[in-house]
1. Looking for something over 17 Å from Tyr47 (Cβ atoms) and part of a helix (DSSP H, G or I) - is there at least one such residue anywhere in the stretch 107-116?
2. For the list (1) surrounded by 10 or more Cβ atoms within 10 Å (Cβ to Cβ); (2) under 25 Å from Leu39 (Cβ atoms), I need the number of the one condition that Leu175 fails.
3. Considering each residue of the stretch 95-127, count those that are touching a residue at least 24 places away in the same chain (Cβ under 8 Å) and not aromatic (Phe, Trp, Tyr), and give that number.
4. Hey, could you check the stretch 47-74 for residues that are of a type in the set (A, V, I, L, M, F, W, C) and within 23 Å of the chain's Cα centre (by Cα) and say which is modelled with the highest pLDDT?
5. Which one of Gly93, Gly100 is surrounded by 15 or more Cβ atoms within 10 Å (Cβ to Cβ), more than 30 Å from Thr133 (Cβ to Cβ) and small (Gly, Ala, Ser)?
6. Taking the condition of being modelled with pLDDT under 90 and more than 23 Å from Ala126 (Cβ to Cβ), how many residues in the stretch 79-93 meet it?
7. For the stretch 112-138: of the residues being of a type in the set (Phe, Trp, Tyr) and surrounded by 11 or more Cβ atoms within 10 Å (Cβ to Cβ), which is modelled with the highest pLDDT?
8. Cβ-Cβ distance below 9 Å, separation of 6 or more or different chains: which pairs start in the stretch 166-189 with a residue that is closer than 19 Å to Pro45 by Cβ and end on one that is hydrophobic (A, V, I, L, M, F, W, C) and modelled with pLDDT of 65 or more?
Amino acid sequence: MSPHASIDAHAKPGRGPAKVLLAGLGLIFRLACALVIILDELVRPLYRPLIDRLAALAPMRALERWIGARTPLVVLTLLIIPYAIVEPLKFVGLLWIADGHVRTGGTVFVLAHLVSFILIERIFTAGKPQLMTIGWMRWVIETASAVRDAVVARLRLHIFKRRLLALLRHLRFRLRRMRPTRNSDQTQV
């Protein structure tokens with residue numbers, strides 16, 4: 001027996017195909033999560049004023065009070081049902097966009113985001129105290145928040161968002177200046 005035989009027998013086996021596949025799927029999942037977080041952070045300022053207006057409406061405030069009075073499992077059910085429908089639609093929209101169906105995919109993506117922020121965010125916000133009493137749900141909320149914060153900090157999205165908002169304000173200002181006024185449409189005599 002060679003002196004290297006005992007070393008070879010104790011060497012760690014290489015990654016098998018299943019481990020490589022799982023590692024690859026994990027990487028794809030992390031990249032997809034990062035993409036969703038990035039898109040969410042960049043798109044949110046564009047429709048945040050609409051969401052704030054809708055949240056201030058009396059029916060929405062009444063819905064939030066009603067949700068706030070429910071038990072944790074009822075709140076969880078109220079959250080899971082629309083979430084299970086809307087969140088996959090965001091990915092479907094992105095897939096359609098990638099497949100060349102930009103209008104259809106973009107419409108689905110935007111509508112899914114709007115429903116997500118109008119309905120799901122309101123349910124989550126109103127029912128968060130109840131959800132935090134469910135151990136595993138507390139872990140999910142805290143972990144998702146930590147991952148989101150890490151991605152935002154790592155990519156310094158707050159700086160990019162600030163610049164994007166400044167650009168949008170500038171564009172709005174320029175567009176307003178380009179609009180014809182009522183007096184400019186009339187000819188001077």
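The values are calculated or read from the model by the stated rules, or taken from the named source; none is laboratory data. Please read all numbers here as calculations on a predicted model, not as lab measurements. For neighbour counting, all protein chains shown are included, and Cβ atoms are generated from backbone atoms with ideal geometry for every residue, glycine included.
1. no
2. (1)
3. Number of matching residues: 14.
4. Restricting to residues being of a type in the set (A, V, I, L, M, F, W, C) and within 23 Å of the chain's Cα centre (by Cα), the top hit is Ile67.
5. Just a single option satisfies the conditions, and that option is Gly93.
6. Qualifying residue count for the region: 1.
7. For the stretch 112-138, the residue satisfying everything is Phe124.
8. Note: pairs meeting the criteria are Leu168/Leu46.
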